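Below is one structure, written out as structure tokens; comments come after it.
Computed from the coordinates by the stated procedures, all read-outs in this text should not be read as laboratory data. The shown structure was predicted, so the numbers you read here are calculated from the model rather than taken from an experiment. So basically every Cβ, Gly included, is an ideal-geometry build from the backbone, and we count neighbours across all protein chains shown.
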Amino acid sequence: MPSLSIGANRIYGEAAFEVLAKAQELERQGKNILHFEIGEPDMETPKHIALAGINAIKEKKTHYVPSIGLLELRQSVVNEIEQTRGFRPNTEQIVITPGLKPGIFFAMLATVNSGDEVIYPDPGYPTYGSVSAFLGARQVMVPLLEENKFQINPDDVKKLITDKTKLIIINSPQNPTGSVMTKKEMEEIAMLAEEHDIFIISDEIYSKMTYDTTHYTPTSRDQAQTYSILLDGFSKYYAMTGWRLGYMVAPVSVAKRLQDFLVSAVSCTAAFTQWAGIEALTGDQTFIAEMMQRFKQKRDAIVNGLNSINGVHCTLPKGAFYAFPNIKKTGMNAQDCADHILYKAGVAALPGTAFGPYGEGYLRFSYATSIETINEAVERIQSIFE
Ligand SMILES: Cc1ncc(COP(=O)(O)O)c(C=O)c1O
């Protein structure tokens, strides 16, 4: 067999799917497993949004559309950014993508060369490291520490900047820790990028998922016009993971290149999905507040429950739907602890190390499940750590 490309040997996958496979194998053997491994809301796409997609198919909106995205959706995104981020981009800055993840991939492809340095949070979403590795960039992790509520400390970023730094990736609210960065932290990081001529990619997929706190973007400083690229999407807070729809707000010259990546890779994002997206942005939003109300109860249930377990300590997350308990006092490492609770208690969670070396000593629970499942999982884990 001919050899694969260097990049193909460097790119890597996600542990969430490995744990899911182990859990499903146990289920095949007849075991009852409680699932906390996959990061997906436990509700269906709201009816009015789904109907807009169905009607679009009925109206034969099933053909190719412009690679950069439908003008109507891009205009809706412009209004959305104005309302939620406080600046009004031009439609030329908006690029529609099939999910947020391709946005990360293309934005990194468009900005990073082999040998460049990419600063990203650790623990953090695995795609940042995987794509950096694929590109032959140096992976520079900025540690998210429990004593700093898992928020990025701008001083740590400053220390990591060299003349090779090309990109800083920010993710708030954050996966896997649920941390939310402050306005001041965001501004300081944006100022560093500006001063050192570095791109920022801001992954804001959980932007509407905060508890008693406000979401800030580092892109408001330059209004995504010179060095910052804002990524957001419909997967999480509109419960549309399977529809595959996201968007980027980028400097016009970058947006033009991103459009070329889309042309070459996917031609365009599905037309009917985009019509559903227009309804999502412009239609009734009340279900988001209702969903977040329920998530808050679940968050409190899992955090209180985890804190009642011997050797476990969990910080209260301010966003997303993940709890990230410290399990160091159990005496186990993250992988062994995740296996222990899977095989002994039938609870599937991810080891913190699935999100990078600084995730050692932690587990990630996606609490987008019922309160009953959360309470049962806590009882089961309690019983094996007595
Ligand atoms: C931080 C972060 N970014 C991006 C994504 C992917 O979003 P999408 O499903 O829209 O590609 C996820 C999904 O888990 C995520 O947690």
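If N is the number of residues in the chain, what value comes out of its Cα radius of gyration divided by 2.2 N^0.38 Å? Spell out each step's value before the answer.
Numbers: Rg = 20.7 Å, N = 386, 2.2 N^0.38 = 21.2 Å.
Normalised by 2.2 N^0.38 Å, the Cα Rg of the chain equals 0.98.
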Hz values of 3J(HN,Hα) by residue in segment 79-85 - Karplus curve (6.51, -1.76, 1.60), Gly and Pro given as x: 5, 4, 5, 4, 6, 9, 10
For the chain, built as a Gaussian network whose Cα springs stay under 10 Å, the top-fluctuating residue of H313, H48, H215: H48
Candidates A250, A323, A50, ranked by Gaussian network fluctuation over the chain, Cα under 10 Å, top entry: A50
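Which peptide among 122-135, 282-295 comes first, and what is the full order, when sorted by highest mean count of other Cβ atoms within 10 Å?
On the way: 122-135: 21.9, 282-295: 14.2.
Top of the packing list down: 122-135, 282-295.
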Full-extension gain in nm, Q297 to D222, via 0.36 nm per residue minus C-alpha separation: 23.3 nm
Using θ = phi - 60° and Karplus 6.51 cos²θ - 1.76 cosθ + 1.60, couplings along segment 109-123 (whole Hz; Gly, Pro as x): 4, 7, 10, 10, 9, 4, x, 6, 10, 10, 9, 8, x, 9, x
Amide H partners (placed H, <5 Å) of R138, local residues excluded: G115, D116, E117, V118
Spin-label proximity, Q24 to segment 337-372 - amide N less than 17 Å from point 7 Å beyond Cα toward beta carbon: 348-350
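What number, in percent, do you get for the relative contact order of segment 95-244 if the mean sequence gap of Cα pairs under 8 Å and at least 6 apart is divided by its residue count?
Normalised by residue count, the contact order of segment 95-244 is 24 percent.
In deg cm²/dmol and to the nearest 500, what is the mean residue ellipticity at 222 nm of the chain if only DSSP H runs of at least 4 residues count, each as -39500 (n - 2.57), divided by the residue total? Intermediate results must be reported in sequence, preceding the final value.
Working: 13 runs with 163 residues, N = 386.
It comes out at -13500 deg cm²/dmol, rounded to the nearest 500.
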Phi to ³J(HN,Hα) by Karplus 6.51 cos²θ - 1.76 cosθ + 1.60 over segment 369-379, Hz, x for Gly, Pro: 8, 7, 4, 4, 5, 4, 4, 5, 4, 4, 4
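Taking Cα atoms of segment 1-54, Rg/Rh with Kirkwood Rh, to two decimals? Please list the in-between numbers first.
Numbers: Rg = 18.3 Å, Rh = 15.1 Å.
Radius of gyration over Kirkwood radius for segment 1-54 works out to 1.21.
Semi-axes of the equivalent ellipsoid for segment 252-299, please: Cα gyration tensor eigenvalues, times 5, square-rooted, ordered largest first, whole Å. Present the calculation step by step, with values, prior to reporting the outcome.
On the way: eigenvalues 219, 42, 23 Å².
Here the semi-axes work out to 33, 14, 11 Å.
For the chain, what does the relative contact order come out to in percent, with C-alpha contacts under 8 Å and a separation of six or more?
It rounds to 24 percent for the chain.
Which length gain, in nm to one decimal place, applies between K329 and L51 when the Cα-Cα distance is subtracted from 0.36 nm times their residue separation? Kindly include the intermediate steps, with their values, before the conclusion.
On the way: separation 278, 0.36 × 278 = 100.08 nm, distance 4.96 nm.
Result: 95.1 nm gained on full extension.
For Cα pairs less than 8 Å apart in space and 6+ apart in sequence, what is the mean separation divided by the residue count of segment 22-109, i.e. the relative contact order in percent? All intermediate terms of the calculation are to be shown ahead of the outcome.
Details: 33 pairs, mean separation 15.9, N = 88.
The normalised contact order for segment 22-109 reaches 18 percent.
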Highest-MSF residue in the chain out of V142, V180, V312 [GNM, Cα springs under 10 Å]: V312
Extension gain, L316 back to L4 (0.36 nm per residue minus Cα-Cα distance, nm): 107.9 nm
Distance between modelled label sites at S370 and V263, nm, 7 Å Cα→Cβ extension: 5.1
Interchain or long-range residues, amide H under 5 Å from D122's placed H: V142, L144
